[in-house]
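Written out below as structure tokens is the structure these notes cover.
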Amino acid sequence: MKVARQTTLRDHTALAGVGVHSGLPVTLTLHPADAGTGLTFVRTCIEGRQDCAIAADMSAVTATEFATVLGDASGPLVSTAEHVLAALSGLGVDNAVVEIDGPEAPIMDGSAAAFVAAIDQVGIETLDQPRRYIRVLKPVRVAMGDAVGEISPNPRGFRIEAEVEFDHALIGRQALTIDVKPETFRREIARARTFGFMRDVATLWNSGYALGASLENTLVVSDNRILNPEGTRFPDEFVRHKVLDAVGDLALAGAPLLGTYRSVRGGHKLNHAVLCALMSDTSAWAWADTKVPRPARGNVDVAPRLAPAFGPDVS
């Protein structure tokens, strides 16, 4: 087997939009980075402070209630980091600097599609340094009420098995199993949008959240219909977005995972808890060799969820 090499972007690329919670305009620029840099956020335009760099690492997570928020001892710096992280990780980008001039990544259309398109436009470059993987050695399980997350060994690659269940006729129970590779992420996951329920909107607005949410960036469910004129992009778009969020949240491990992650009624909080439980148990993981893992057959199975971008983790 050939040695797997680290990657970065061939050039910088920028996107502009609004934050789903703040409603404020923001520009996010992706820059190439040297081997060994990993994924790093640089927050600019902080009033009264110099630009601040922060590694995309599980230890930098300061909140998971409404989105994945990264920060340092001074407080939160970047909110809603999960979609751009999912795009970078899902496409196999090991090293990049994410420069952002506001407190929240742009929501774009509520999915990772715009970030994928921006990365595809500039392309991915292979570097000279070998890639390291985090190999899961034994199952690690976390339960939070009726939400359960578990990561277990899978030497062939990274697989996600997600299940959601809502007491709503338009959603019900949805399940998806997928081997996360660039081609499957791009085709099956990247376009799945964040979602929420119309009944929650007034409460969230009154609390200062979801100020940038709209039908342009969120899949909105009322009591009896999807409010977006175009409907859903996939019949099971809800669970697919759950997978997207998990890819982004688990990218905070700092290296590609060789393991299977199973999430039942989960969200950002559960994703982060499982990752912390794994990495804190030194007998549960090890650095893998740098050979390309034997590819598993592509797998997308459907059976008969980040919670909404504008709501907390719910199930």
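The values are calculated or read from the model by the stated rules, or taken from the named source; none is laboratory data. Computed from a prediction, not measured in an experiment: that's the story for all the values here. All Cβ positions, glycine included, derive from the backbone under ideal geometry; neighbour counts span all protein chains shown. Calculation scope for accessible area: heavy atoms of the full protein, side chains included, ligands and nucleic acids excluded. Shrake-Rupley method; radii C 1.70, N 1.55, O 1.52, S 1.80 Å.
Given their separation in residues at 0.36 nm each and the Cα-Cα distance between them, ASP34 and ALA16 gain 4.0 nm when the chain is fully extended.
Separation of the range 1-59 and the range 150-203, taken as the distance between their Cα centroids, equals 24 angstrom. Our summary of shape: the Cα atoms of the chain have principal axis extents of 52, 50, 35 Å, ordered from largest down, in whole angstrom.
Using the alpha carbons alone, the radius of gyration of the range 245-291 stands to its Kirkwood radius in an Rg to Rh ratio of 0.96. Per residue, the Cα convex hull of the range 38-162 amounts to 157 Å³. Compactness check for the range 74-227: Cα Rg over 2.2 N^0.38 Å is 1.21.
For the range 227-234, putting each phi into the Karplus relation 6.51 cos²θ - 1.76 cosθ + 1.60 with θ = phi - 60° gives couplings of 7, 5, x, 7, x, 8, 7, 9 Hz, in residue order, rounded to whole numbers and with x for Gly and Pro. Sequence-ordered 3J(HN,Hα) estimates for the range 87-92 from the Karplus curve with 6.51, -1.76 and 1.60 and θ = phi - 60° stand at 4, 5, 5, x, 8, x Hz, glycine and proline given as x. The simple Förster model, with R0 at 30 Å and r as the Cβ-Cβ distance, assigns GLU65 and ASP289 a FRET efficiency of 0.20.
Near the amide H of ILE124, within less than 5 Å, lie the amide hydrogens of ARG10, all on another chain or at least 5 residues away, with H placed in the peptide plane. Assuming 1.306 mPa s and 10 °C, estimate D for the range 40-94 with Stokes-Einstein, Rh taken as the Kirkwood radius over Cα pairs, in µm²/s. My calculation gives 134 µm²/s for D.
Assuming R0 = 30 Å, what is the FRET efficiency of THR44 and ASN224, from their Cβ-Cβ distance, to the nearest 0.05?
Details: r = 44 Å, r/R0 = 1.48.
Efficiency for this residue pair is about 0.10.
Phi angles across the range 48-61 convert, under the Karplus curve 6.51 cos²θ - 1.76 cosθ + 1.60 with θ = phi - 60°, into 3J(HN,Hα) values of x, 9, 6, 4, 10, 9, 9, 6, 6, 9, 4, 6, 8, 6 Hz, Gly and Pro given as x. Put simply, the amide H of ALA63, placed in the peptide plane, has neighbours under 5 Å in VAL69, leaving out anything fewer than 5 places away on its chain. For the pair LEU170 and THR282, label points projected 7 Å from Cα toward Cβ lie 5.1 nm apart. In percent, rounded to a whole number, the relative contact order of the range 81-223 is 27, using alpha-carbon pairs under 8 Å and six or more apart. Shown for the chain: the carbon plus sulfur share of the solvent-accessible area, taken with all protein chains present and a 1.4 angstrom probe, equals 51%.
Do me a favour and compute the ellipsoid semi-axes for the range 1-111 from its Cα gyration tensor, root of five times each eigenvalue, largest one first, whole Å.
Details: eigenvalues 107, 46, 40 Å².
So the three semi-axes of the range 1-111 are 23, 15, 14 Å.
Under a 5 Å amide H cut-off, with hydrogens placed 1.01 Å from N, PHE158 pairs with VAL180, GLY259 among residues at least 5 apart or on other chains. Average accessible surface for the range 1-65: 52 Å² per residue, computed with a 1.4 Å probe over protein heavy atoms with every protein chain in place.
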